[in-house]
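First the structure, in the form of C-alpha cells, and then the observations on it.
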Amino acid sequence: MGTVLIVYATRSEETKAIADIIGEGIRISGHSAQVKRVNEIKSEDDLKGYDAYIFGSPTYHGEMITPLKQLLFQAERAELAGKPGGAFGAYGWSGEAAGRIFDTMAHIFKMNMVSEGPLMLKAAWVGGGIKAAQEYGKNVAAMISETV
C-alpha cells in the first residue's frame with residue numbers, strides 16, 4: 001500500500017472539495033491519501049516520504065494562486081523525480097492553473113505524470129465532477145501499484 005500526498009490551495013473551498021474526492025478514489029484503490037492545505041507544508045522536508053503527489057489550485061486571472069506557486073518552489077528541492085504525480089484545479093472562465101502545475105511537475109521536477117494530464121473542473125458537483133475526480137485518484141493509485 002502506498003501513500004499519496006494531495007496538496008491544494010483554495011479561496012472558495014471548491015479546490016478542497018475536489019482534493020477530498022480525489023483522495024476518495026485513492027482510498028477506494030486500497031492506498032492511503034493525505035489531503036493537506038498548502039499552508040500545512042512548511043518546507044521541502046514536509047514533502048518527502050510519499051509514494052505519489054497531486055497538487056491543485058484554482059485559476060484566478062489566468063494563474064494559479066500564490067500559495068501554490070510558493071509550494072512549487074519548495075517541491076523543486078524535494079527530489080520528486082520519477083515519482084507518480086497529478087495536478088488539478090477548479091476554474092470559472094479558464095483553467096490554466098492545473099496545466100501549469102502539471103507541466104512544472106513533469107518538466108521541471110521530472111515526475112512520472114498521470115497519462116490523462118491535469119484534471120480541470122468547474123466544480124466537484126458540476127458535470128460529472130465527482131466521478132472524474134474519483135477516477136483521477138484511482139489512476140494515480142494505479143501508478144503507485146506499478147512502482148510499489
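The values are calculated or read from the model by the stated rules, or taken from the named source; none is laboratory data. From a predicted model like this one, the values you see are computed outputs, not experimental measurements. With ideal geometry, Cβ positions are generated from the backbone for all residues, glycine too; neighbour counts draw on all protein chains shown.
Figure legend. Inter-residue proximity from the range 1-30: first residues hydroxyl-bearing (Ser, Thr, Tyr), second residues assigned to a loop (DSSP other than H, G, I, E, B) and at pLDDT 95 or above, beta-carbon distance below 6 Å, spacing 6+ or different chains. Indicated pairs: Thr3/Tyr50; Thr3/Asp51.
Applying the selection to the range 105-132, what residues are buried (at least 19 other Cβ atoms within 10 Å of the Cβ), in a helix (DSSP H, G or I) and at pLDDT 95 or above?
Narrowing the range 105-132 to residues buried (at least 19 other Cβ atoms within 10 Å of the Cβ): 105, 109, 111, 113-114, 118-121, 124, 129, 132.
Now narrow it down to the ones that are in a helix (DSSP H, G or I): 105, 129, 132.
The answer is Met105, and nothing else.
The set of residues from the range 54-65 being of a type in the set (Ser, Thr, Tyr) and modelled with pLDDT under 95 comprises Thr59, Tyr60.
Remark: pairs (first residue in the range 135-148, at pLDDT below 95 and part of a helix (DSSP H, G or I); second residue of a type outside the set (S, T, N, Q) and surrounded by fewer than 21 Cβ atoms within 10 Å (Cβ to Cβ); Cβ separation under 7 Å; 6+ apart in sequence or on different chains) = Ile144/Gly2; Ile144/Asp51. For the condition closer than 23 Å to Met143 by Cα and in contact with a helix residue (DSSP H, G or I) (Cβ under 6 Å, 6 or more places away or on another chain), what is the one hit in Gly99, Gly82, Gly86? Of Gly99, Gly82, Gly86, the one residue that is closer than 23 Å to Met143 by Cα and in contact with a helix residue (DSSP H, G or I) (Cβ under 6 Å, 6 or more places away or on another chain) is Gly86. Selection over the range 30-61 of residues that are surrounded by fewer than 16 Cβ atoms within 10 Å (Cβ to Cβ) and touching a His at 6+ places or on another chain (Cβ under 9 Å) gives a count of 0.
Can you confirm whether the range 58-76 contains a residue that is basic (Lys, Arg), closer than 23 Å to Met1 by Cα and free of Cβ contacts under 8 Å to residues at least 40 places away in the same chain? No, the range 58-76 contains no residue that is basic (Lys, Arg), closer than 23 Å to Met1 by Cα and free of Cβ contacts under 8 Å to residues at least 40 places away in the same chain.
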